[in-house]
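Heads up: the structure comes next, in structure tokens.
The values are calculated or read from the model by the stated rules, or taken from the named source; none is laboratory data. Keep in mind that what you see is a predicted model, and the values were worked out from it rather than measured. Note: ideal-geometry Cβ built from the backbone for every residue, glycine included; neighbour counts use all protein chains shown. Note: areas computed on protein heavy atoms with side chains; ligands, DNA, RNA excluded. Shrake-Rupley method; radii C 1.70, N 1.55, O 1.52, S 1.80 Å.
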Amino acid sequence: MPTNNIPFLRMFLIFLGLLWFDSFTGLEAATGKLASVPGLYVFGDSLVDAGNNNYLAISISKANYPHNGVDFPNKKATGRFCNGKNAADAIAEKFGLPLPPPYLSLKGPFKEEKKKSAVMTGVNFASGGAGIFNSSDHKLGQAIPLSHQVNHWLSIHQELTSQLGPAEAQNHLSKSLFAVVIGSNDLFDYFGSLKLRQETNPQQYTQSMADELKKQLKRIHDTGARRFLLIGVAEIGCIPGKRAKNSTLHECDEEANTWCSLYNEALVKMLQQLKQEMQSSMTYSYFDNFKSLHDIISNPARYGFTDVTSACCGNGKLNADIPCLPIARYCSDRTKYLFWDRYGHPTEAAARTLVDLMLSDDSQYSSPLTLAQLISS
């Protein structure tokens, strides 16, 4: 072959390669900033639980029954408190990663191959009813509190190090994303406990929540985690269950919202302090879930929603008199509802909207970095 044809041949092969690569879906995620995330490790409560509670023998905090999962592939009720995929799933899909499986689904015989794969791409440790503290749900054996979720992470970290070796494991973890979505149940516990409210005021309680969360984040950081996504507590006072109890106007419970704001303020300050202590070894994005939900509720049409007060699945006032049980009725168009059930779990459409806001260049909801900036740092 004449040598002067070689450059042309190289260009032609590169062109063919680009055409072949462009034929795949998710090209933006594969070629852009999102490709820098090799693994997603999720900690939290029912907002991101992928089914861990299914494996808790006496837990009633489960969602492995209809109408949950009505929009999940094969209409499967997986244990997600949602009509379909939740925010953790949406984040994984944005990065082109498999949905992180529940940690407890990886335990036991014949699970080794599944575990080896999940260890690399991500694991979900979240548990419906879980709190930063060892909440009442944990005492009844119904949830896995954050400290225990971190214990489970330590076992996955050990497996990852065994597979890759210490140096490569550290490299993998430094590029991975650690998402933490928790705090609502601790506030619900505070609302419902006269004893807690007598022992401590709201400022003290929410500060203690932030302090305990800091301890657990340090434990995760000590294993090599470097990129963190922290999602603040939303307007709990505006969930359908709270609104239904609040007069005939179904307004938000503003006292509950005030306590949520107190916690979010403590969380933001704690993260700033932790970043200072960790110096260059930690980066994070804090997503203001409170403000984002407030804006969606204030202007639902802008985000494609028509109902931001009622539960899609339930019964009675605001469809919030009962949980999303098999006997409940559910809305026909889930894409138009913000809330899936009386407890304020987002619909899949709402979860995807929130994740889009996390990745948006608009930084009004995220600090000090947006999620997109975090993963490209």
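Scanning region 345-377 for residues that are at pLDDT 95 or above, acidic (Asp, Glu) and more than 25 Å from Leu173 (Cα to Cα) yields a total of 1. Among the residues of region 94-134, those identified as assigned to a helix (DSSP H, G or I), surrounded by fewer than 22 Cβ atoms within 10 Å (Cβ to Cβ) and not acidic (Asp, Glu) are Leu104, Ser105, Leu106, Lys114, Lys115, Lys116, Ser117, Met120, Thr121. Among the residues that make up region 328-342, is at least one of them within 21 Å of Gly96 (Cβ to Cβ) and modelled with pLDDT of 95 or more? Checked region 328-342: no residue is within 21 Å of Gly96 (Cβ to Cβ) and modelled with pLDDT of 95 or more. The set of residues in region 363-377 that are of a type in the set (A, V, I, L, M, F, W, C) and either crowded, with 21+ Cβ neighbours inside 10 Å or not in a helix (DSSP H, G or I) (or both) comprises Leu369, Leu371, Leu374, Ile375. Which members of region 342-362 meet the condition of being within 18 Å of Tyr303 (Cβ to Cβ) and either among the charged types (D, E, K, R) or open to solvent by 50 Å² or more (accessible area, probe 1.4 Å) (or both)? Within region 342-362, Glu348, Arg352, Asp356, Asp361, Asp362 qualify. Taking the stated definitions as given, is Ala328 out of contact with any Pro (no Cβ under 8 Å at 6 or more places or on another chain) and either of a type in the set (Val, Ile, Thr) or buried (at least 19 other Cβ atoms within 10 Å of the Cβ) (or both)? For Ala328, the condition - out of contact with any Pro (no Cβ under 8 Å at 6 or more places or on another chain) and either of a type in the set (Val, Ile, Thr) or buried (at least 19 other Cβ atoms within 10 Å of the Cβ) (or both) - is met. Anything in region 162-181 that is hydroxyl-bearing (Ser, Thr, Tyr) and under 30 Å from Leu359 (Cα atoms)? List them, or say none. Matches in region 162-181: Ser174, Ser176.
For every residue, the table says whether it meets (1) open to solvent by 30 Å² or more (accessible area, probe 1.4 Å); (2) assigned to a loop (DSSP other than H, G, I, E, B); (3) in contact with a helix residue (DSSP H, G or I) (Cβ under 8 Å, 6 or more places away or on another chain).
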position	(1), (2), (3)
Phe43	no, no, yes
Val48	no, yes, yes
Asn54	yes, no, yes
Ile58	yes, yes, no
Lys62	yes, yes, yes
His67	yes, yes, no
Asp71	yes, yes, yes
Gly79	no, yes, yes
Lys85	yes, yes, yes
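Annotation note: Cβ proximity below 9 Å between a residue of region 340-367 that is over 18 Å from Cys313 (Cβ atoms) and in contact (Cβ under 8 Å) with a residue 24 or more places away in the chain and a residue that is in a loop (DSSP other than H, G, I, E, B) and small (Gly, Ala, Ser) (sequence gap 6+ or interchain) occurs for Thr353/Gly304; Ser366/Ser360. Taking (1) modelled with pLDDT under 95; (2) in a helix (DSSP H, G or I) in turn, Val150 satisfies each apart from (1).
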